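Coordinate-derived values only; no laboratory data. Every value quoted in this text rests on a predicted model; they were computed, and no experiment measured them.
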Amino acid sequence: MTEDRAPGPLRVHVDRDKCQGHNRCYSLAPELFDVDDMGEASERGDGAVPPELVDKARRAVANCPEYAISITEVSEVSEVSEVTDSTEIGATP
């Protein structure tokens, strides 16, 4: 049986090797994407998708002809693990 739950925080990512500069993502969700001087798209900031922009992010993924955009669910547990791991390596708290 599958558990129904709300998705965790989401992030978008643009694969710069696949992006061909169609800029449909930017046209659909300028709050989430930026375009450089060469016309290639990138995610704004860390790619975090606010809940009110999830539909726009999914629309951008669906409309990218190069399949250069992905959405991932951010696991808060893994972020905590990364911080813990870096402190174990010798980072000062």
Gain in span if fully extended, Val74 to Asp55, counting 0.36 nm per residue against the direct Cα distance: 5.2 nm
Contour minus Cα-Cα distance for Tyr67 and Asp46 (0.36 nm per residue): 5.6 nm
